[in-house]
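Enquirer: Here it is, the structure in full.
The values are calculated or read from the model by the stated rules, or taken from the named source; none is laboratory data. Since the structure is predicted, the reported quantities are computational estimates derived from the model, not experimental observations. So basically every Cβ, Gly included, is an ideal-geometry build from the backbone, and we count neighbours across all protein chains shown. Note: accessible area is taken over every heavy atom of the protein model, side chains too, but ligands, DNA and RNA are not part of it. Shrake-Rupley method; radii C 1.70, N 1.55, O 1.52, S 1.80 Å.
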Amino acid sequence: MSDETTQIPEGTPETGKSTKIKVSKKLIITIASIAAGIIAAAAVVFFVVLPLTKNSAKADEFGWYHDYDAAKELASKQNKSVLLLVSETGEDEYSKTLKDAILNTKEFTAAAQKDFVLVNIDVTQAEYQKTVAPENATEKEQKAADANAAKFKRNMQILSQYRTQMTPSVYIATKDGYFVSYIVYDSSITTPAAYLSMLADKIEDIKKVNDLAAAAGKGSGIEKVKAIDTLYEATDENYRDFLVDVYREVPELDRKNESGLVSKYVLATANSDAVRLYTEGDYPGAAKIFADAAAGGKLNKTDAQQSYYTAGYLLGSVGSQDYTAIIGYLQAAYDADPESEHAAAIQQAIDYVKSTAPSADANAGAGGSSTEAK
């Protein structure tokens, strides 16, 4: 495998520049499973800057809900799965075609509603403008803008979890909100009957996830941990965040780490929590989540090194000028496992940041003395 170096790209909305950390591509690949959520969240932030056009617990005239959380609650009560459509009506011809020809037809909705609660997050630039109050806004106008901004924030969380990169996108989730399938837009499917047939092929996948989720919800101790792990491993790695409330229990269920899985799920939980803070713009908080996980004593040295490194890498990638924290996190990553195959590359990253940081900050960060990395 090539061990050439790469650099964190310059340019962020906050600073216009970034702290470039040279790291080996081999190390980047090692932490890819951790950083994937952060990277995907960033992609959503740049791609989707739009809120819901509607936010109602009532279905529209076609049978689609526009409040994801309300739809998921209804699905749980009715023992149905969730069919989520992310569209861009009025601006995306493919969304319009899919809706007009299939998803908004009576033939489709009448049949699909037997097994699914239908929910549509529709995004348009016009609706985004509603999140900003006009100059000299009245109290009523400000409240309306604040309400739309709150909807926008929630929608960003949903789209981040689903890794939405384009419209139209269609997803299937269980009654508990666990990911089952992503349905890629296929222009060759042109009739409601054909689309319903495709959904019917997903029923067995839905049953599998529901059965695994049921098993993960039963029992206690090591057996429950193993059931949780089975569900986790059966889930596409891009959509495991939906399981966070399930696997967050693992350290408590297995206090002595008899399963050997505690480190894995402490790190997975940190990743999920960090992604949430990242999408909210709290980059230092997201980095601290990784550092706290590493410092908590429940990670093995390999995972601790990855977690500390990801904290430093995250701050550098968003253009943070807190060199003390960046160097401290990287030093803590090195100290976590000085004999690892990645230690030399991490040391190179430390040396590089020190060489570009103001001298006072670099000196403060020497020896991993940053308080944020402890």
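Enquirer: Mind checking the full-extension length gain between Arg248 and Asp146? Use 0.36 nm per residue of separation minus the Cα-Cα distance, one decimal, nm.
Expert: Gain in length upon complete extension: 33.5 nm.
Enquirer: Cβ neighbours within 10 Å, averaged per peptide: list 139-147, 312-320, 92-100, 224-232 in order, most packed at the top.
Expert: The densest-packed peptide leads the list: 312-320, 224-232, 92-100, 139-147.
Enquirer: Give me the 1.4 Å probe accessible area per residue for region 298-364, excluding ligands and nucleic acids, in Å².
Expert: With all protein chains present, region 298-364 gives 38 Å² per residue.
Enquirer: Applying a 10 Å radius around every beta-carbon, put 117-126, 276-285 in order of their mean neighbour count, most first.
Expert: In decreasing order of mean packing, 117-126, 276-285 become 117-126, 276-285.
Enquirer: Rounded to whole Å, give me the distance from the Cα center of region 245-298 to that of region 153-195.
Expert: 27
Enquirer: Starting from the 7 Å offset along Cα-to-Cβ, what nm value, one decimal, do you get for the label separation of Thr230 and Ala70?
Expert: Taking the simple label geometry, Thr230 and Ala70 are separated by 3.8 nm.
Enquirer: In whole percent, and with a 1.4 Å probe on the protein chains, what portion of the accessible area of region 218-284 is carbon and sulfur?
Expert: Accessible surface attributable to carbon and sulfur in region 218-284 totals 42 percent.
Enquirer: Rounded if a/c is under 1.5, else prolate if a/b beats b/c, else oblate: with a ≥ b ≥ c from the C-alpha gyration tensor eigenvalues square-rooted, which is region 224-275? Don't skip to the end; give the middle numbers.
Expert: Details: a/c = 2.09, a/b = 1.36, b/c = 1.55.
Because a/c hits 1.5 or more and a/b fails to exceed b/c, region 224-275 counts as oblate.
Enquirer: Kindly identify region 53-204 as rounded, prolate or oblate by the Cα gyration tensor criterion: order the square roots of the eigenvalues as a ≥ b ≥ c, call it rounded if a/c is under 1.5, otherwise compare a/b with b/c, prolate if a/b is larger, else oblate.
Expert: prolate
Enquirer: At what distance in nm do the modelled label points of Lys77 and Gln129 sit from each other, each positioned 7 Å from its Cα along Cα→Cβ?
Expert: Output for this residue pair reads 3.7 nm.
Enquirer: Starting from 0.36 nm per residue, how many nanometres of slack lie between Ser355 and Thr138 once their C-alpha separation is accounted for? Don't skip to the answer; put the middle values down first.
Expert: On the way: separation 217, 0.36 × 217 = 78.12 nm, distance 5.15 nm.
In short, 73.0 nm is gained.
Enquirer: Cα-Cα over 22 Å: which of Lys151/Lys208; Lys114/Lys175; Lys96/Lys153; Lys77/Lys106?
Expert: Check vs 22 Å cut-off fails for Lys151/Lys208; Lys96/Lys153; Lys77/Lys106.
Enquirer: Quote the charge dipole size of region 156-307 about the Cα centre in Debye, to the nearest 20; the model charges only the Cβ of Lys and Arg (+1) and of Asp and Glu (-1). It would help to have the intermediate numbers written out before the result.
Expert: On the way: 17 positive and 22 negative charges, 49 e Å.
Roughly 240 debye, rounded to the nearest 20.
Enquirer: In nm, what is the difference between 0.36 nm times the number of residues separating Lys106 and Ser188 and their Cα-Cα distance?
Expert: Separation in residues times 0.36 nm, less the Cα-Cα distance, equals 27.5 nm.
Enquirer: May I ask you to derive the FRET efficiency for Asn257 and Lys58 from their Cβ-Cβ distance with R0 = 41 Å, giving the value to the nearest 0.05?
Expert: 0.30
Enquirer: By its C-alpha gyration tensor, with a ≥ b ≥ c as the square roots of the eigenvalues, how is region 149-238 shaped: rounded for a/c under 1.5, else prolate for a/b larger than b/c, else oblate? Walk me through the numbers before you get to the answer.
Expert: Numbers: a/c = 2.75, a/b = 1.40, b/c = 1.96.
Oblate shape, in that a/c is at least 1.5 and b/c is the bigger or equal ratio.
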